[in-house]
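In what follows, a single structure is set out as structure tokens and then discussed.
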Amino acid sequence: MQSEGIDSSKLEEIEKTATSKINTAPDNESLEEVRIGFLGRKGILTLALRSIGKLPPAQRPAIGNQINAIKQRINTLIEFRKNEIADGGGDEEPYPGDPSLPGRSCWEGGPHVLHKVLREIKAIFYGMGYSLAEGPEVELDYYNFEALNFPPEHPSRDTQDTFYVNRDILLRTQTSPVQVRYMEKHKPPLRIISPGRVYRNETPDPSHAAEFLQMEGLYVDKNVSLADLRNDVTYFVHALFGSNARVRFRPHFFPFTEPSAEVDMTCFACKGEGCPICQKTGWIEIMGAGMVHPNVFKYAGYAPDSVTGFAFGMGIDRIAMLKYGIDDIRRLLNNDIRFLSQFWNGPVSEVQD
Ligand code: DAH
């Protein structure tokens, strides 16, 4: 063939001819003839490749690539046709499609944004030496309330609208019961996190859902202090939100800690200037925390004067909303793929669950 002046459209023509010859080759012999005609030592494409040197240098790489790609596709087609012939397909209609086209990509999912945030949070605490503990979602009133120093009939129980199964059994309203369950089975020192689902009889709105995720933290040893609590919480906030985030503790009340605090961090939206999201305070609440109440140690079977400890509890949904600027907690439960797929890109920590 006259290979001078080879160009892209000529190559396309060549490929078309080759494709149709291959697809209609009745047997291996004629297939081999076609192969030699295009790919053999004096084959059309071999000569075309050799003639590239005659082209202006700027055109050579593109034409070279095109020729190589065609050669590869032709080889694939030939293999495919060989199998067809071997299958007795030689007499059938030629394969109507082009098997060298890339396949359709399959639908692939990704981690839920809550799962992703939880993995990040776990990785941070594992790095600080915490390990994982778990507890049941259907819980005894005893662990959810009584052993956490919520006396029976006490109004503090009303702050957590509870789904009761019966008088003694409920859907846990918090992950705090894992504290007592874990201490019953393990001697100090201990350092655990316990993420999981919790339930409250709330009317859903942008910041409330009837089920959500919490994560509890508990550290018990000799001489654990508020300073240790502040240190771990600050390290966590910096690791998750960046070292510019500031942390403050506000006095609060929880029955199972004394003293108790609510922890705020600088508002992510206005960086502390004050904006509608933080109600102009510059701060956003991220967790409750405090020093474990001696009564809780007693319920767990520890001698309260021999140990001290801190605990904290945070809403994972809330942390995810803060980190990713999500405005409505219900989006995390709706399973709307258009919303969730936004979070499928980017690094997902390899930490085991
Ligand atoms: N369980 C509390 C709640 O759901 C959160 C909490 C506050 C957990 C203080 C703690 C803590 O461990 O020390 O509101």
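Laboratory data are not the source of any read-out in this text; all were calculated from the coordinates shown. Keep in mind that this is a model prediction, so the values were computed, not measured. Neighbour counts run over all protein chains shown; Cβ positions are idealised from the backbone, glycine included.
Couplings 3J(HN,Hα) for the stretch 287-300, derived from phi with the Karplus relation 6.51 cos²θ - 1.76 cosθ + 1.60 (θ = phi - 60°), are 6, x, 7, x, 8, 3, 5, x, 4, 5, 4, 4, 4, 7 Hz, where x marks Gly and Pro.
With 0.36 nm allotted per residue and the present C-alpha distance subtracted, the Leu47-Glu108 stretch has 17.6 nm of extension available.
Each residue, Asp168 and Asn68, gets one label point 7 Å from its Cα in the Cβ direction; the gap between the two is 7.5 nm. The Kirkwood hydrodynamic radius of the stretch 14-156, based on inverse pair distances between different Cα atoms, is 21.7 Å. Once Rg and the Kirkwood radius are both taken over the C-alpha atoms of the stretch 209-325, their ratio Rg/Rh works out to 1.01. Consider a paramagnetic label point 7 Å from the Cα of Gln279 along Cα→Cβ; state which residues of the stretch 209-228 have an amide N under 19 Å from it. The answer is 209, whose backbone nitrogens lie closer than 19 Å to the label point. Computed over Cα pairs, the Kirkwood radius of the stretch 125-283 leads via Stokes-Einstein (1.002 mPa s, 20 °C) to a diffusion coefficient of 123 µm² per second. The shape of the stretch 104-191 can be summarised by an equivalent ellipsoid whose semi-axes, obtained from the alpha carbon gyration tensor, come to 32, 21, 11 Å from longest to shortest. Taking one quarter of the surface of the convex hull spanned by the alpha-carbon atoms of the stretch 8-86 gives a direction-averaged projected area of 4.8 nm². What pairs in Lys16/Lys82; Lys122/Lys280; Lys222/Lys271; Lys222/Lys280; Lys122/Lys222; Lys222/Lys323 have C-alpha atoms more than 29 Å from each other? Cα-Cα > 29 Å for Lys122/Lys280; Lys222/Lys271; Lys222/Lys280; Lys222/Lys323; rest within. Amide H contacts for His293 (H built 1.01 Å from N in the peptide plane; partners 5 or more residues away or on another chain; cut-off under 5 Å): Thr257, Glu258. Here is the tail figure for the stretch 264-353: Cα pairs spaced more than 21 Å apart come to 56 percent of all pairs. Hydrodynamic estimate: the Kirkwood radius of the chain over Cα pairs, inserted into Stokes-Einstein at 10 °C and 1.306 mPa s, corresponds to D of 62 µm²/s. Of Ala320, Ala58, Ala303, the residue with the greatest mean-square motion in the GNM of the chain, using alpha carbon springs below 10 Å, is Ala58. Separation of the stretch 103-145 from the stretch 262-325 is 18 Å, based on Cα centroids. Simple spin-label estimate for Ser131 and Thr76 gives 5.1 nm between the two label positions (7 Å along the Cα-to-Cβ direction from each Cα).
Taking label points 7 Å from Cα along the Cα-to-Cβ direction, His115 and Ser207 give a separation of 2.9 nm.
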